[in-house]
Structure formats: C-alpha cells, structure tokens
Amino acid sequence: QLINGCEGFVGSSNRRRYLNALSSFLTTLVKADEVEFARELFYSYVLPLIPDDPPNPAESMPQIESGPVPIGKIKTAQSRRLQSFTLHFNTLIEGYRRSASVLSNSQIDDERLVNGQAYLMLSEDDDPRRCAHDLFELMIIRGICPDGYTTTSMIGLQETASGVTQLWKRATEEFRIRMTPIIYHSLMTAYGKIGDPSSACWTFDRMLATQGQRVTRKSWNVFLGSLSNGSRGDDPVVLDIFASNAAVGMRDVVETSFEAVKATDAKDNRTTVLTAIDGMDCARAALAVLKE
C-alpha cells in the first residue's frame, strides 16, 4: 500500500523521491534476505519505468565508426537519466550475490535434512547466479551502464577464471569502468577462490603498476589470501603467472587501456617480486612475498 501510494509521484517533480523510495525498499528487503520479495518489487515497480529502447549513440557521437559503440561511451540526456536506475539494479544483483554465497558456503545438496527439516535447493530458474546474470544483461540491454559496484558484485558471482577475466575485459573496454583498489581486491579474491592464484598474482601486478600509493596493507593481505587458497590440499598449485588466464585474456587490453607505468623504484620492486615468485608453489611464494 505504501508503494502504491507513492506512484502519484511519477511524472512530477517528485520523481526522484519516488525512485529513492523504491531504492530504500529494495535495500531493506535485501538486507532482510527477502530477495524474492525484492525481485517482485523490482519487476513490478522499477522496470516499468525504464524505456524498452536504449539510448541512440548517434545522438552524442555522430561520427561513429562501424561496429558496436561501448555503452560506457554513450553520453546522452536519456543515458544520464537512465543511470538513476543503476542503484536499483545494483541492490538486487548484490542480493543475488549474497544468496549465492550462502548457498555455496552451506554446501546444501539438492535435498538435505538439516536439524530434522528438509531444505530444497532453488530450482534452476531461481538459481541466484543465473538470476543475477540475467538481470545484469537486462541492465545493459536497457541502456544502463554498470558501475564499479555492479562490477564487484558480478565478479563475486563468477565460477570460472575465464568468467572473471571476461567480465574484467568488458568492464574495461565496454563499460569504461575506472579501476579502483576495491575492484582489484574483488578480482584477486575471485581468482583465489576459483583456484587460479596465478591470475591473482598477475592482477596484483597490474594493481601495483596502476594504483601507486593506493595499494595498502589490505591489498597485500588480499593478495596473500589468494595465494593461501592455492596452497591448500595435497597438491599445491605452482604459479605460472605470465601464462595465466588473466595474463592471456587481458594482455591486449592492458597495452591500450591501462595508464603507463613510470620508471620508479616501485616498478622495479614490482617486477622483482613477480619474477621471484613465478614458478614457485603458493606456500613458498607467500613466504617470499612476506620477506620482501
């Protein structure tokens, strides 16, 4: 009833208040783990406000070369208005990410008795990862460019190293996302959990090269955490950094999209550390990093 009472704001000068109210409702529901309710709210009240047709790049870029225009380069009045819906998409996507994390951590089978009660896994159509990916693609289809928060949430939903790398590449080339320490941290964490510490090492190398003084103790801890994941088990992972999924998948993007690396002591240290641990198993690599 409260939401229905707000509908009169649409089309008036209070449109922003209405959108903020919807965003608040979504956030409250997601924090309460009511993701399905949040989804119903989103599709019933938010999505109908978004035009079916995405912005026309020709409005702002009359001299367009053949081929698709990256959504991150489209700057029109309509695209700017559409960005007000980014928060709504982000909130629901983050809700799906949290749901996927809970399901993954609990390691529930298709049907399992827990404390005497039967808990059923979501059906394939309701799988939170699939729902998040569908919502992410819908976001792009409707002309709403993902931001850094969208990117970090989607990185956490990837299940393969190639999926992480492909999303990183899209974020750089298509969405024109400005890389930040938070995004680098999410990339290293994702690669580590997936079992590709070599890609995490290469990612950390790029972070050292482009972020400078923004690399903090937390950054090093995240990096060491990704190495720790690779040292578990009876057969520790041996690092092959320069042939890793991230290195191969992002090498051409790095050459054109990342800021140039200055010839500083930081660069020399970066190269020394990376070269020193390449070929080591993860446990030995972590010890070598700690000694630097």
Q. Any idea which of (1) open to solvent by 20 Å² or more (accessible area, probe 1.4 Å); (2) polar (S, T, N, Q); (3) within 18 Å of residue 280 (Cβ to Cβ) is the one residue 216 doesn't satisfy?
A. (3)
**Q.** Flag for residue 60 being more than 28 Å from residue 97 (Cα to Cα), hydroxyl-bearing (Ser, Thr, Tyr) and at pLDDT below 50
**A.** yes
Q. Of the residues that sit in the range 194-234 and are of a type in the set (D, E, K, R) and farther than 15 Å from residue 273 by Cα, which one is modelled with the lowest pLDDT?
A. 234
Q. Quick one: in the range 1-52, which of the residues that are modelled with pLDDT under 75 and of a type outside the set (A, V, I, L, M, F, W, C) is most open to solvent (accessible area, probe 1.4 Å)?
A. 1
Q: Report, by residue number, each residue of the range 229-252 that is part of a helix (DSSP H, G or I) and surrounded by 15 or more Cβ atoms within 10 Å (Cβ to Cβ).
A: 229, 230, 241, 242, 245, 246, 247, 249, 250
Q. What number of residues within the range 159-178 are without any contact (Cβ under 8 Å) to a residue 60 or more places away in the chain and within 24 Å of residue 83 (Cβ to Cβ)?
A. 4
Q: May I ask you to list the residues in the range 158-172 that are of a type in the set (Gly, Ala, Ser) and within 11 Å of the chain's Cα centre (by Cα)?
A: 163, 171
Q) Of all residues in the range 159-195, which are of a type in the set (D, E, K, R), open to solvent by less than 60 Å² (accessible area, probe 1.4 Å) and closer than 19 Å to residue 129 by Cα? A) 170
Q) Pairs under 9 Å by beta carbon, first residue free of Cβ contacts under 8 Å to residues at least 60 places away in the same chain and under 8 Å from residue 198 (Cα atoms) in the range 228-248, partner open to solvent by 90 Å² or more (accessible area, probe 1.4 Å) and assigned to a loop (DSSP other than H, G, I, E, B), six or more apart or different chains? A) none
Q.
Within the range 82-102, does at least one residue satisfy the condition of being out of contact with any helix residue (DSSP H, G or I) (no Cβ under 6 Å at 6 or more places or on another chain), surrounded by 12 or more Cβ atoms within 10 Å (Cβ to Cβ), modelled with pLDDT of 65 or more and not in a helix (DSSP H, G or I)?
A. no
Q: Take residue 222 and decide whether it is over 30 Å from residue 39 (Cα atoms), among the β-branched types (Val, Ile, Thr) and over 18 Å from the mean Cα position of the chain (by Cα).
A: no
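The values are calculated or read from the model by the stated rules, or taken from the named source; none is laboratory data. The model shown is predicted, which means the values in this text are computed figures rather than measured ones. With ideal geometry, Cβ positions are generated from the backbone for all residues, glycine too; neighbour counts draw on all protein chains shown. Side chains are part of the model used for accessible areas, which takes the heavy atoms of the whole protein and leaves out ligands, DNA and RNA. Shrake-Rupley method; radii C 1.70, N 1.55, O 1.52, S 1.80 Å.
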